[in-house]
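Enquirer: Input: one structure, supplied below.
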Amino acid sequence: MADAEFLTRANDILMNVYGFWPVQFAKGKGVYLYDTDGKKYLDFGAGIAVNNLGYNHPTYVKTIKRQVEKLHMGLCYVVDPNRLEAAETILAVSEFDQVFFCSTGAEAVEGALKTARKWSYETKGEGCHELIYVKNSFHGRTMGALSVNGQKQYKQGFEPLLPGTHEAEFNNLESVRKLISRKTAAVIVEPVLGEGGIIPGSQEFLEGLRALCDQHDVALIFDEVQCGMGRIGTIFAYEHFNVVPDLICLAKGLGAGFPVGAFMGKKKFTSHITPGSHGSTYGGNPLACAVVTTVLKELLKPGFLENVEETGQILKEGLEAIARETNMISNVRGLGMMLAADYNGGEVKPFIKELLKNGLVALSCGENSLRIVPPLILTKKQAKEGLAIIRKTLRPG
Ligand SMILES: Cc1ncc(COP(=O)(O)O)c(C=O)c1O
């Protein structure tokens, strides 16, 4: 655990945006974290749906070590083989023609929004810059991404944001239909709401969005920063729904702990991003790109995605059993290893702290829900171990 003095010092000199937890992790191995006292924690948070390969993964570590010794940072104007290989590897398993590498999820969202707006401006004309997003969505904290965030609390104090943004309802196609027009550049949506409560889009909604965007010549952007990269059992979430967007945003699991993001798209849209219209100093650096290729290769190994589905199912069924048994959680939902349940015992945050005390790292999301997003290498046995901790913490004894 973190001692009081350490936390006081941290709270004094680090900007207070998180409300630090009373723990200090010293190392990680597989799906386990160890604090400075040597106490072991099973990790059901994975750095907020990031560390898909867990900690100290041998191939991951080898890639980083080897690349750091060779060339950790190049020059964004100079393509090195790593960037090309990462691009080829990810495009080969996707429906897209071009990719731009950046460093975070918000940056990926900014890039996709800019691409849609530039395409719209150049093909439909001035004034066609409007953006539609959905209530309870989360797309990041930068000003553009914030403008399309569907959670008011994140916007407070930062307005005015981008003009011409409109909020629709998630899983309500009619609400989008009412707002869409030729002036719309893009509709942006998470196929599975992440921060907003782990709520999968309905098949009807996502298919309807595709048809609506085609009908009005509007770009459809899927923000898969949280639900992509194997999290729900397919490399990209859009594969699960069989609905292909025009642009996609990725980060989190893309680097599995190394800060890298990307947006990809069809040439119809990405060809409007020309020299000078976008860039990123760190984007596509050799180290980040070596990591992307390694992560993708791991995800593509036989059995990897099957494990996400099968072990995810065990977690889901286990949570449903706990819900029936204790009545302390309800509304178990999600796909693959992106799961949540409502907590019925009041505020969820103190419960998360109790879980931590009992050796499980878990997260919250939405109004008052418990979120479970473990490393994707979690085994069935480890899933049961975590479920037992949740069960014990809900009803001790
Ligand atoms: C769906 C989604 N988009 C974008 C972001 C922003 O990513 P980052 O924190 O890397 O900027 C997040 C982060 O939680 C997210 O869940």
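Enquirer: If you go through segment 196-218 one residue at a time, how many are open to solvent by less than 50 Å² (accessible area, probe 1.4 Å) and part of a loop (DSSP other than H, G, I, E, B)?
Expert: 6
Enquirer: Is segment 350-364 home to any residue that is among the small types (Gly, Ala, Ser), part of a loop (DSSP other than H, G, I, E, B), open to solvent by less than 40 Å² (accessible area, probe 1.4 Å) and within 22 Å of Gly197 (Cβ to Cβ)?
Expert: Yes - at least one qualifying residue is present in segment 350-364.
Enquirer: Scan segment 286-306 and give yes if some residue there is open to solvent by less than 30 Å² (accessible area, probe 1.4 Å), under 28 Å from Lys62 (Cβ atoms) and of a type in the set (Phe, Trp, Tyr), otherwise no.
Expert: So far as segment 286-306 goes, yes, one or more of its residues are open to solvent by less than 30 Å² (accessible area, probe 1.4 Å), under 28 Å from Lys62 (Cβ atoms) and of a type in the set (Phe, Trp, Tyr).
Enquirer: Count, please, the residues in segment 129-139 that happen to be open to solvent by 10 Å² or more (accessible area, probe 1.4 Å) and either assigned to a loop (DSSP other than H, G, I, E, B) or outside the structural domain of Val176 (by TED's automatic domain parsing) (or both).
Expert: Number satisfying all stated conditions: 4.
Enquirer: Could I ask something else about it? Can you tell me which residue is farthest from the chain's Cα centre (by Cα) among those in segment 110-126 that are of a type in the set (Lys, Arg) and within 21 Å of Glu190 (Cβ to Cβ)?
Expert: Ranking the candidates gives Arg117 first.
Each row is one residue, and each column tells you yes or no for (1) open to solvent by 50 Å² or more (accessible area, probe 1.4 Å); (2) touching a strand residue (DSSP E or B) at 6+ places or on another chain (Cβ under 7 Å); (3) within 16 Å of the ligand (Cβ to nearest atom).
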{"site": "Tyr60", "(1), (2), (3)": "no, no, no"}
{"site": "Thr63", "(1), (2), (3)": "no, no, no"}
{"site": "Lys70", "(1), (2), (3)": "yes, no, no"}
{"site": "Glu88", "(1), (2), (3)": "yes, no, no"}
{"site": "Phe96", "(1), (2), (3)": "no, yes, no"}
{"site": "Phe101", "(1), (2), (3)": "no, yes, yes"}
{"site": "Gly105", "(1), (2), (3)": "no, yes, yes"}
{"site": "Val109", "(1), (2), (3)": "no, yes, yes"}
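Enquirer: Which ones in segment 7-54 are outside any loop (DSSP other than H, G, I, E, B), open to solvent by less than 70 Å² (accessible area, probe 1.4 Å) and over 23 Å from Gly386 (Cβ atoms)?
Expert: Leu7, Ala10
Enquirer: Quick check on segment 234-255. Is at least one of its residues buried (at least 17 other Cβ atoms within 10 Å of the Cβ), away from the ligand (no atom under 13 Å from the Cβ) and small (Gly, Ala, Ser)?
Expert: No, segment 234-255 has no match at all.
Enquirer: Which ones in segment 88-136 are of a type in the set (Gly, Ala, Ser) and under 19 Å from Glu239 (Cβ atoms)?
Expert: Hits for segment 88-136 are Ala92, Ser94, Ala108, Ala112.
Enquirer: Next question, about the same structure. Within segment 168-195, can you find the residues that are in a strand (DSSP E or B), within 16 Å of the ligand (Cβ to nearest atom) and within 30 Å of Asn331 (Cα to Cα)?
Expert: Listed by number, the residues that qualify are Val187, Ile188, Val189, Val192, Leu193.
Enquirer: Only one residue in Thr142, Thr123 is within 11 Å of the ligand (Cβ to nearest atom) and open to solvent by 50 Å² or more (accessible area, probe 1.4 Å). Which one?
Expert: Thr142
The values are calculated or read from the model by the stated rules, or taken from the named source; none is laboratory data. What you see is a predicted model, and the numbers here were worked out from it, not measured in a lab. Every residue, glycine as well, gets a Cβ built from its backbone with ideal geometry; the counts of neighbours run over all protein chains shown. Heads up: the accessible areas ignore ligands, DNA and RNA and are worked out on the full protein's heavy atoms, side chains in. Shrake-Rupley method; radii C 1.70, N 1.55, O 1.52, S 1.80 Å.
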